[in-house]
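Asks: The structure under discussion is supplied below as structure tokens; questions concerning it will follow.
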Amino acid sequence: MTTPRTKNPMPDWIESPHPHVQHSLITFPAKHILQVTINRPEARNCLPVEGTIELGALWKWYDAEPELRVAVFTGAGDKAFCAGMDLKQRFDILDTGDIAHDYPPGQFAGMSNRAGKKPIIVACNGHAHGGGFEAILNADVIFASPNATFALPEVLRGVSALAGALPRVFLLFGNHRAMDLILTGRRLSVEEAHAWGLVKEIVPQEQLLEKTLEYAKLIASLSPDSVIISRLAAREAWESGVSRATMRGQELWAENMLRSENAREGLQAYKEKREPRWKRSHL
């Protein structure tokens, strides 16, 4: 199966058109810089499965495109970077018994378990919840607006964050902070995220993208070979442990979790805007 390429005009320094994307906007704000904007503000930039598949193809193209050196990833609007997967779509898949398309190797947004070759800098312009937080946890550098919050609310929906977040929060924040986040689903404020070392800088919303692009241009001005090798060498310890833990978590738990009565109940309650009525666990 091949991915069709965009028909949109490309800068003359781009060798091949990027893969067609429907749920994100692709721009080139400066030479060597790719900007990807999730474009579903009416749905808090949550991504359907198709949106994740197309981003997986896009990041692969980005790594292979010779003149691209840095990517900036953000969301449309000023409310949310990404609210995670489209839970209503996920419920419909469970309800009908349809077979969901597999996520790409990079998992959610093509990014939450991406190793990749080149850096991705995030301009977090609002809420980053569920899969949105999973993607951000694997970003290289994060700038965030004052209204940004971060959360793994899966336990509130009867599911679990198996696309890379669980081992990453453990390694980034330590056992007790990680358990606080993943066992309660609570929101981490941008101030806490900055104090914990997740966010590099809190930037006013109207200056966020400009600041992030300035930073991306700085990296793009350096030796691309040095940037790629330094990034990969530094992430080796991270990737060898986290990637294996993510794969094992999916092998052991993903199917049982998504087929459980509590997953169905949690997603149904979310859809109906009511409190879930949990059943006993059969795991």
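The values are calculated or read from the model by the stated rules, or taken from the named source; none is laboratory data. Note that the structure is predicted; figures quoted are calculated from it, not measured. Note: ideal-geometry Cβ built from the backbone for every residue, glycine included; neighbour counts use all protein chains shown. Areas reflect the complete protein model, heavy atoms only, side chains present, ligands, DNA and RNA absent. Shrake-Rupley method; radii C 1.70, N 1.55, O 1.52, S 1.80 Å.
Asks: Where the second residue is among the polar types (S, T, N, Q) and open to solvent by 50 Å² or more (accessible area, probe 1.4 Å) and the first is within 16 Å of Leu68 (Cβ to Cβ) and lies in the range 2-19, which pairs have Cβ atoms under 8 Å and are six or more apart or on separate chains?
Replies: Cβ pairs passing all conditions: Pro17/Asn8; Pro19/Thr3.
Asks: Of everything in the range 31-75, what is closer than 20 Å to Gly130 by Cβ, β-branched (Val, Ile, Thr) and touching a strand residue (DSSP E or B) at 6+ places or on another chain (Cβ under 8 Å)? Give them in sequence order.
Replies: Selection gives Val36, Thr37, Ile38, Val49, Thr52, Thr74.
Asks: What residue, among those in the range 65-91 that are among the small types (Gly, Ala, Ser) and modelled with pLDDT of 95 or more, is farthest from Ile33 (Cα to Cα)?
Replies: The residue in question is Ala80.
Asks: Sort out for me the strands (runs of 3 or more DSSP E) sitting completely within the range 1-83 that have 3 or more residues that are open to solvent by 10 Å² or more (accessible area, probe 1.4 Å).
Replies: Output list reads 24-30.
Asks: Something else about it: Residues that are open to solvent by 10 Å² or more (accessible area, probe 1.4 Å), at least 3 per element: which helices (runs of 4 or more DSSP H) completely within the range 115-212 meet that?
Replies: 154-157, 165-173, 175-184, 190-195
Asks: Using beta carbons and a limit of 6 Å, which pairs, at least six apart or on different chains, have the first residue in the range 153-165 and under 14 Å from Ser260 (Cα atoms) and the second one buried (at least 24 other Cβ atoms within 10 Å of the Cβ) and of a type in the set (D, E, K, R)?
Replies: Matching pairs, first to second residue: Ser160/Glu154.
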